[in-house]
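Each remark here refers to the structure printed beneath this line.
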Amino acid sequence: MKIGVIVDGKAEPEALLRLRGKLHGSGPFLKPLYVDLQPMAPPSLVAKRAQRNINTLRARGAQRIVLLIDREERQDCAPELAARIAEALGRRGECGITVVVKDRAFENWLVADPGCLAALRARFRPTKAFMRRVSPNKADNVRDAESLLSQIAVGPSYHKRHDPLKILGAMNVEAAAKNSRSFRRFLRVVGDTRYRNQSKRP
């Protein structure tokens, strides 16, 4: 089953490709497509903006489509926001699209594997305080993961375009999943067999 992914971050299409060979049992993973969304865009606008990319992915043979979006500072919990966006897509005739909400942002997934960051020693130096912020299973609770990455960066602050490629290239998927429920949800919907039955618990 070919899987198509739509993302709301410019670095994410290339970065997420680094995960393809690390998934267990997932189908072929097309290159993700970026859609420009404002962080607090209403579900109706999210659905409208995503529709063109949904059509593009279907034309490329995607049999399952996942829309990935940041929760940012929205008050809705992640499952509520995902349901509202899925409902808005349904009103536009786009049924069967799975919405996964990154809680709170893509960077929350990037901080979820401290061991990976420690291995990138020329770029990051995670501290014990950093470890306590994200583990166990607390990466989604970090309010500003981008700032946290800058705090442990060696040299320049965290770079939204370049650093995600390094981090996902080195990431241990299972280690990151233990610290981020929203990342586990993504793994489940793309068919990773480690989370076939549930993704609430590590």
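None of the figures in this text is laboratory data; all of them are computed from the coordinates on show. Keep in mind the model is a prediction, meaning the values are calculated, not measured. FYI the Cβ positions are ideal-geometry reconstructions off the backbone, even for glycines, and counts take in every protein chain you see.
If I take every Cα pair under 8 Å that is 6 or more residues apart in region 108-173, average their sequence separation and divide by the length, what percent do I get for the relative contact order?
42 percent
With the alpha-carbon atoms as the only input, what is the per residue convex hull volume for region 67-176 in Å³?
112 Å³
Taking amide hydrogens as modeled 1.01 Å from N in the peptide plane, which residues meet the under 5 Å criterion relative to ILE6, leaving out close sequence neighbours?
When sequence neighbours closer than 5 places are left aside, the close amide H contacts are LEU33, VAL66, LEU67, LEU68.
Over the alpha carbons of region 4-72, what is the largest minus smallest coordinate on each principal axis, giving the biggest first in Å?
That gives 34, 26, 17 Å along the principal axes, largest extent first.
With +1 assigned to the C-beta of every Lys and Arg and -1 to the C-beta of every Asp and Glu, and no other charges, what is the dipole magnitude of region 108-173 about the Cα centre in debye, to the nearest 20?
180 debye
How are the Cα pair distances of region 108-173 distributed, in percent, across 5 Å bins from 0?
3, 20, 34, 29, 12, 1
Within straight cross-link reach of LYS48, meaning Cα distance under 20 Å, which lysines are found once same-chain residues fewer than 8 apart are removed?
LYS10, LYS102
Residue by residue through region 150-163, what is 3J(HN,Hα) from phi via Karplus (6.51 cos²θ - 1.76 cosθ + 1.60, θ = phi - 60°)? Round to whole Hz and write x for glycine and proline.
Result, ordered by residue: 5, 5, 9, 6, 8, x, x, 4, 3, 10, 5, 9, 8, 5 Hz.
I need the per residue convex hull volume for region 40-105, using only the alpha carbons, in cubic angstrom as a whole number.
Each residue corresponds to 74 Å³ of Cα convex hull volume.
What residue among GLN51, THR98, ALA176 has its Cα farthest toward the positive end of the dipole of the chain, where the charges are +1 on Lys, Arg and -1 on Asp, Glu, each on the Cβ?
The residue sitting most towards the positive pole is ALA176.
Treat every Asp and Glu Cβ in the chain as -1 and every Lys and Arg Cβ as +1, leave all other atoms uncharged, and give the resulting dipole magnitude about the Cα centre to the nearest 20 debye.
Computed charge dipole of the chain: roughly 520 debye.
Can you tell me the FRET efficiency between ARG18 and ARG91 if r is taken as the Cβ-Cβ distance and R0 is 35 Å, rounded to the nearest 0.05?
Efficiency computed from Cβ-Cβ geometry: 0.50.
For ARG194, ARG91, what's the fewest-to-most ordering of other Cβ within 10 Å of each Cβ?
By the 10 Å Cβ count, ascending: ARG91, ARG194.
Expressed in nm², what is the orientationally averaged projection area of the convex hull enclosing the Cα positions of region 135-202?
5.1 nm²
Roughly how compact is the chain, stated as its Cα Rg over 2.2 N^0.38 Å to two decimals?
Compared with the compact-globule rule of thumb, the chain sits at 0.98.
Under the Karplus relation 6.51 cos²θ - 1.76 cosθ + 1.60, θ = phi - 60°, what is the ordered set of whole-Hz ³J(HN,Hα) values for region 50-55, x standing for Gly and Pro?
Working through the residues one at a time gives 7, 4, 4, 5, 4, 5 Hz.
Determine, from the Cβ-Cβ distance of THR127 and ALA83 and an R0 of 45 Å, the FRET efficiency 1/(1 + (r/R0)^6), rounded to the nearest 0.05.
0.75
Starting from the amide H of ASN179, placed 1.01 Å from N in the peptide plane, find each other amide H under 5 Å away whose residue is 5 or more places distant or on another chain.
For ASN179, whose amide H was placed from the backbone, the distant partners under 5 Å are ASN137.
What is the extension gain from ARG194 to ARG60, computed as 0.36 nm multiplied by their sequence separation minus the C-alpha to C-alpha distance, in nm to one decimal?
45.5 nm
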